[in-house]
Amino acid sequence: MGDIARRNNIPKKFLDAILSELRNAGFVYSRKGKAGGYSLARPADEIKIGHVDRVLDGPLAPIPCASKTRYQPCGDCDEATCQIRRLMLDVRNAIADVLDNTSLTQMCDMGGPEVLIAETMTA
Amino acid sequence: MSTSSGRLSVTIIGGGASGVLLAAHLLRNRDTDIRVTLIERRGEFGQGLAYSASQRDHKVNVPARGMSAFADDPEHFWRWLQQRGYPSSHGSWVFVPRRLYGAYLEHVLREAGKSNPGRLLVMSEEVMAVRESKNGIETLLANGTSVVSHSAVLAVGHETQPARSRGIAVRVGSERDTPLPADAEVMILGSGLSMVDAWLSLADANHRGPITVVSRNGLLPKGHRDVPPLSIDSADVPFGTSLPYFMRWFRDLVDETKKRGGDWRSVVDGLRPYNQRIWQSWSGHTKRQFLRHLRPWWNIHRHRLPPELHERLVAAVASGQVKLVAAEFVGVERAEGQVRAEIRRRGSSTREKLGVARVYDCGGVSVDVLSSSNPVIRDLVAHGRARADALRIGLDVNEHCAVIDHAGKVTEKLLVIGPLTRGRFFEIEAIPDIRVQAATLAARILSHA
Ligand SMILES: Cc1cc2nc3c(=O)[nH]c(=O)nc-3n(C[C@H](O)[C@H](O)[C@H](O)COP(=O)(O)OP(=O)(O)OC[C@H]3O[C@@H](n4cnc5c(N)ncnc54)[C@H](O)[C@@H]3O)c2cc1C
């Protein structure tokens, strides 16, 4: 854990919060003790980025009103006629489509700073 | 032996709803020259287990508007009903007798054959085995002959033998389901629609004796209401999570929907298009947890009863004639002209024996294929050409419904349609899902033409 935080330059507290959410959702599990820490609960190629993202960031809504189940009105526009909302709902389904077809393994293969988290966990 | 000529040929084994829907989809595109051989052992096509029900009160549990043979022509069944002058005060939100739906499927098959002269061959025979051959698949019949085609599709549907206590417990409508004295005490095992069938048959025969319904949770299926499904996008659905996380999301959504004046049914129905994806996104552990702890609860909410039937059943429980018992069924034995059923009530560690005139087994139509009574399934499994899925609720198939053998090898030419693919798809019991599977399978088979 400390390792992941250091290598990715993120506060340990923040990482802690993320990992505990992932644990609640069943993507990782934690072990206590000396050899403890977090591990993936499933093989990395079964874990889809979109599935994890919904748990961490909510229902993939680019703007708060663009969600069907977690709808938050903007306050200054009419939902029924708002073209932006309609467009954003399409955007969001396109986002879901890409992310739901990308596994953790595939993301690791892409490289980049996030990889460190994934790699440390898959290792 | 009939051999296949150059043109594309498919043998469909089983002429219940799934077999007929597949045949109809294969023959829909009149440009493709194809030979479809449909083999059914009952002598009647389109009925299968569900739509051969003899009683008028044995109704479908999906409104007519959801029962069209073709997903892209949702009014097809409703139009057929109207042409026959079927009375309905609720428009297409009507629950017809199941045998009438069987007649509709027979009509669909007949039309498919008529508009494709020489392409559809139906045979009333039992299939004993299938073999992979050089030319494709050879289907061996009980009369000693066989049919060769490029591919074959298993549409053999549900297990017909009682899973438990073979020989003593009785299946509703089977030969051993002989008339009972009106005041006899009866036990029914199960909490699903077949249990309701059994109760209905008794009620329609003016049965007055006490009826004890034993199931794991002692629950009754819920009733339908004409409410629209909630509009849900795939981006809203938490795929791939643990079961507790998913259930929290589900319950929250039901609460929010109710707060807005909605109905829980809208949530269950709104999720329907995603059920196969949700199932497939789960880990083996989560699937097992679901089957063990949530399936009965899910089933009573998902597979609902026509409202008037539900009201009758609730009234029968209220009157005391039907008693719901949450218990594990341990076994049954014959004793002095009676049968003695042994159960263990939920939360209790002691077993108790109840003497009744008859036990109806209406439990799980999904049984381990290893104990299948179907000759073709037995043969496939015994020779390692097919295997049970990891959860042992059907046959192991790949994403295209092709059979997977004991070593994990896929036989592309041998496909499966219908409830037997539930290990991979789970939500594949009812017509709205089977017709989509039929369309997908047909497109794939025809793409090889
Ligand atoms: C009691 C009940 C009620 C239902 N009600 C509804 C409903 O209202 N709406 C809905 O959408 N769904 C309903 N369902 C869901 C049902 O599963 C499907 O609608 C449908 O019946 C599945 O059809 P099938 O052809 O796959 O299986 P089956 O109905 O089991 O048919 C399989 C057929 O294959 C034949 N066969 C099997 N083995 C061989 C062999 N070796 N050789 C030759 N022939 C063989 C059998 O004789 C049978 O006719 C109900 C299910 C049940 C059990």
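The values are calculated or read from the model by the stated rules, or taken from the named source; none is laboratory data. Since this is a predicted model, take the numbers as computed values, not measurements. Positions of Cβ are backbone-derived with ideal geometry, glycine not excepted, and every protein chain shown enters the neighbour counts. Ligands, DNA and RNA are excluded from the accessible area calculation, which covers all protein heavy atoms including side chains. Shrake-Rupley method; radii C 1.70, N 1.55, O 1.52, S 1.80 Å.
Tallying residues that are surrounded by 13 or more Cβ atoms within 10 Å (Cβ to Cβ) and farther than 21 Å from B:Met247 by Cα within segment A:17-38 yields 3. Do the conditions hold for B:Glu40, that is, is it within 16 Å of the ligand (Cβ to nearest atom), in contact with a Ser or Thr (Cβ under 8 Å, 6 or more places away or on another chain) and open to solvent by 30 Å² or more (accessible area, probe 1.4 Å)? Taking the combined requirement at face value, the residue does not satisfy it.
Here is a yes/no grid of residues against (1) under 20 Å from B:Arg295 (Cα atoms); (2) out of contact with any strand residue (DSSP E or B) (no Cβ under 6 Å at 6 or more places or on another chain):
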{"residue": "B:Ser371", "(1), (2)": "no, yes"}
{"residue": "B:Val376", "(1), (2)": "no, no"}
{"residue": "B:Ala407", "(1), (2)": "no, yes"}
{"residue": "B:Ile417", "(1), (2)": "no, no"}
{"residue": "B:Thr421", "(1), (2)": "yes, no"}
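Picking from residues in segment A:41-51 that are within 11 Å of another protein chain (Cβ to nearest Cβ) and of a type in the set (A, V, I, L, M), the one that is nearest to A:Asn93 (Cα to Cα) is A:Ile49.
Identify the residue in segment A:3-16 that is open to solvent by less than 50 Å² (accessible area, probe 1.4 Å) and free of Cβ contacts under 8 Å to residues at least 60 places away in the same chain and, among all such residues, is farthest from A:Gly58 (Cα to Cα). Among those residues, the one meeting the criterion is A:Ala5.
Residues in segment B:57-83 that are within 26 Å of B:Asp204 (Cα to Cα) and open to solvent by 30 Å² or more (accessible area, probe 1.4 Å): 3 in all. Scanning segment B:158-202 for residues that are open to solvent by less than 30 Å² (accessible area, probe 1.4 Å) and either among the aliphatic types (A, V, I, L, M) or touching a His at 6+ places or on another chain (Cβ under 6 Å) (or both) yields a count of 13.
Check whether at least one residue in segment B:90-101 is assigned by TED's automatic domain parsing to the domain that holds B:Glu138, more than 15 Å from the ligand (Cβ to nearest atom) and either surrounded by fewer than 21 Cβ atoms within 10 Å (Cβ to Cβ) or closer than 29 Å to B:Asn135 by Cα (or both), and report yes or no. Yes, some residue in segment B:90-101 is assigned by TED's automatic domain parsing to the domain that holds B:Glu138, more than 15 Å from the ligand (Cβ to nearest atom) and either surrounded by fewer than 21 Cβ atoms within 10 Å (Cβ to Cβ) or closer than 29 Å to B:Asn135 by Cα (or both). Residue count for segment A:52-68 satisfying the condition of being of a type outside the set (D, E, K, R) and more than 7 Å from every other protein chain (Cβ to nearest Cβ): 9. Among the conditions (1) modelled with pLDDT of 80 or more; (2) in a helix (DSSP H, G or I); (3) surrounded by 15 or more Cβ atoms within 10 Å (Cβ to Cβ), the only one that A:Ala118 does not satisfy is (1). Only one entry in B:Gly15, B:Gly19 is open to solvent by less than 20 Å² (accessible area, probe 1.4 Å), near the ligand (Cβ under 8 Å from one of its atoms), in contact with a strand residue (DSSP E or B) (Cβ under 6 Å, 6 or more places away or on another chain) and in a loop (DSSP other than H, G, I, E, B), namely B:Gly15.
Can you confirm whether segment B:55-62 contains a residue that is basic (Lys, Arg), within 9 Å of the ligand (Cβ to nearest atom) and within 17 Å of B:His224 (Cβ to Cβ)? There is at least one residue in segment B:55-62 that is basic (Lys, Arg), within 9 Å of the ligand (Cβ to nearest atom) and within 17 Å of B:His224 (Cβ to Cβ). Note on segment B:203-218: residues that are buried (at least 16 other Cβ atoms within 10 Å of the Cβ) and either within 20 Å of B:Arg292 (Cα to Cα) or in contact with a Ser or Thr (Cβ under 9 Å, 6 or more places away or on another chain) (or both) total 6. The sole residue among B:Glu159, B:Glu175, B:Glu185 that is farther than 28 Å from B:Ser92 by Cβ, within 13 Å of the ligand (Cβ to nearest atom) and out of contact with any Cys (no Cβ under 9 Å at 6 or more places or on another chain) is B:Glu159.
For every residue, the table says whether it meets (1) over 23 Å from the mean Cα position of the chain (by Cα); (2) closer than 24 Å to B:Glu159 by Cβ.
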residue	(1), (2)
B:Gly16	no, yes
B:Val20	no, yes
B:Arg35	yes, no
B:Ser52	no, yes
B:Gly66	no, no
B:Asp73	no, no
B:Phe95	no, no
B:Arg99	no, yes
B:Lys114	yes, no
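Condition first: of a type in the set (Gly, Ala, Ser) and either at pLDDT 80 or above or under 16 Å from the mean Cα position of the chain (by Cα) (or both). Can you find one or more residues in segment A:50-60 that meet it? Checked against the condition, which is being of a type in the set (Gly, Ala, Ser) and either at pLDDT 80 or above or under 16 Å from the mean Cα position of the chain (by Cα) (or both), segment A:50-60 yields at least one hit. Determine which single condition B:Lys287 fails, assuming it passes every other condition in (1) in a strand (DSSP E or B); (2) within 14 Å of chain A (Cβ to nearest Cβ). The failed condition is (1). Between B:Pro273, B:Pro221, B:Pro229, the distinction of being crowded, with 20+ Cβ neighbours inside 10 Å and either more than 9 Å from every other protein chain (Cβ to nearest Cβ) or assigned to a loop (DSSP other than H, G, I, E, B) (or both) belongs to B:Pro221 only. For the residues B:Val122, B:Val172, the requirement of being among the hydrophobic types (A, V, I, L, M, F, W, C), within 21 Å of B:Glu44 (Cα to Cα) and not assigned by TED's automatic domain parsing to the domain that holds B:Ile34 singles out B:Val172.
The residues of segment A:69-105 that are facing chain B (nearest Cβ under 10 Å), touching a Gly at 6+ places or on another chain (Cβ under 9 Å) and open to solvent by 70 Å² or more (accessible area, probe 1.4 Å), listed by number, are A:Arg70, A:Asp97.
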